[in-house]
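This report concerns only the one structure given below.
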Amino acid sequence: MEGITLSMFSLIIVWATWLAFDQRSYRWAVIAGTALGLSQYTYVAAQAMIALVLLYAAVRAIHARHEKGRLTSVLRMSMVIFIMAAVIYAPLAITILREPDQFFTQIRGTSVGTFSGDIYTVGHSILVNV
């Protein structure tokens, strides 16, 4: 798939994650997890969305730690999001583990990842390709 779909998935992930935590809604947590899992099929940079959701969940957990029952709610929402994402991402993860060259071919196709020899520095590769 193309990188342009990552923008759509990013918006859906951010929106659904915020609604899941704000409304304490498992339905939105499932939608956020589904979008997070599907986004991993779009472009390599989608992996940053995992870190973004983890960071947001950590911030919500820090703010909820003093309110009774809120911390467990945040942890449950986080678990639902990441379990859904893992279930959807599992086939791709298995493929990457079995055929790592297919995964790294996409990374090598980027301007920073195109190395024309044994080992070049990233700075040299950027200088040559830009």
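The values are calculated or read from the model by the stated rules, or taken from the named source; none is laboratory data. Given the structure is predicted, the values throughout are model-derived calculations rather than measurements. Don't worry about glycine lacking a Cβ; one is built from the backbone with ideal geometry, like all the others, and counts go over all protein chains shown.
Keeping to the stretch 1-35, report how many residues are closer than 17 Å to Leu75 by Cα and under 10 Å from the mean Cα position of the chain (by Cα).
Within the stretch 1-35, residues that are closer than 17 Å to Leu75 by Cα and under 10 Å from the mean Cα position of the chain (by Cα) number 1.
For the stretch 1-26, what are the residues that are part of a helix (DSSP H, G or I) and more than 13 Å from Ala57 (Cα to Cα)?
Across the stretch 1-26, the qualifying residues are Ile4, Thr5, Leu6, Ser7, Met8, Phe9, Ser10, Leu11, Ile12, Trp15, Gln23, Tyr26.
Going residue by residue through the stretch 66-79, is there one that turns out to be surrounded by 12 or more Cβ atoms within 10 Å (Cβ to Cβ), at pLDDT 95 or above and either under 13 Å from the mean Cα position of the chain (by Cα) or not in a helix (DSSP H, G or I) (or both)?
Scanning the stretch 66-79 turns up no residue that is surrounded by 12 or more Cβ atoms within 10 Å (Cβ to Cβ), at pLDDT 95 or above and either under 13 Å from the mean Cα position of the chain (by Cα) or not in a helix (DSSP H, G or I) (or both).
Please indicate, with yes or no, whether at least one residue in the stretch 10-30 is on the phi > 0 side of the Ramachandran plot and surrounded by 15 or more Cβ atoms within 10 Å (Cβ to Cβ).
Looking through the stretch 10-30, at least one residue is on the phi > 0 side of the Ramachandran plot and surrounded by 15 or more Cβ atoms within 10 Å (Cβ to Cβ).
Got a sec? Which of Ala61, Ala46, Ala29 is among the small types (Gly, Ala, Ser), assigned to a helix (DSSP H, G or I) and more than 15 Å from Val14 (Cα to Cα)?
Matching residue, one of Ala61, Ala46, Ala29: Ala61.
Going by the conditions given, is Thr72 within 21 Å of Val87 (Cα to Cα) and either touching a strand residue (DSSP E or B) at 6+ places or on another chain (Cβ under 8 Å) or of a type in the set (S, T, N, Q) (or both)?
No: the conditions fail for Thr72.
Pairs under 6 Å by beta carbon, first residue without any contact (Cβ under 8 Å) to a residue 40 or more places away in the chain in the stretch 57-73, partner charged (D, E, K, R), six or more apart or different chains?
Once the first residue is without any contact (Cβ under 8 Å) to a residue 40 or more places away in the chain and sits in the stretch 57-73, its partners that are charged (D, E, K, R) give Ala64/Arg70; Leu71/Arg65.
Cβ-Cβ below 6 Å, separation at least six or inter-chain, first residue in the stretch 81-106 and under 21 Å from Leu52 (Cα atoms), second of a type in the set (Val, Ile, Thr) and surrounded by 14 or more Cβ atoms within 10 Å (Cβ to Cβ): which pairs?
Once the first residue is under 21 Å from Leu52 (Cα atoms) and sits in the stretch 81-106, its partners that are of a type in the set (Val, Ile, Thr) and surrounded by 14 or more Cβ atoms within 10 Å (Cβ to Cβ) give Met84/Val30; Met84/Thr34.
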